[in-house]
1. How many of the residues in the stretch 124-150 are polar (S, T, N, Q) and modelled with pLDDT under 90?
2. When you scan the stretch 68-123, how many residues do you find that are of a type in the set (G, A, S), under 19 Å from E144 (Cα atoms) and at pLDDT below 85?
Amino acid sequence: MKTLIPLLALSGLLALAPLGAAEPAPASPATPLPAAGEMAALEHFLDLTDADLEQMQRVIARIRAMGPDERAVLRREIEKFRTLPESQRHQMRLGWGALDTDLQEAWRRMMQAATPERRAEIQARLQSLPPEKKGALRRQLAEEFIRQERNK
């Protein structure tokens, strides 16, 4: 029994050692594996739709086009956003900006009263704007609608 264990170990080592006459198998050019953070990002990207990936490309292009001062301003805006109460952040994520409840209600009434063509026109205008300008357009249109309601 005492000699069996060393024999098994020796035979295991011999099986792993290359024979002198045999050429070692050429190593295939392996692509380096991404780091753990890159792997997580890659897995996340694989789950995204083409539209989501395209939006990310547009955001990255906008960031690349920014100078250091513009990036600093954006960073401060993001920090300011994070300090807002959750309900206000939610409204901003929906594209309402700091639109108060009365204006949001006027927006709803305006869109319900609009023809399908007018709604499509408004939606097209909103879609053509960057996110930071959508709230201003909503405010402007809602205020105009309130003025029209008062004049009736």
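The values are calculated or read from the model by the stated rules, or taken from the named source; none is laboratory data. Being a predicted model, the structure only gives us computed values, none of them experimental.
1. 2
2. Of the residues in that region, 3 qualify.
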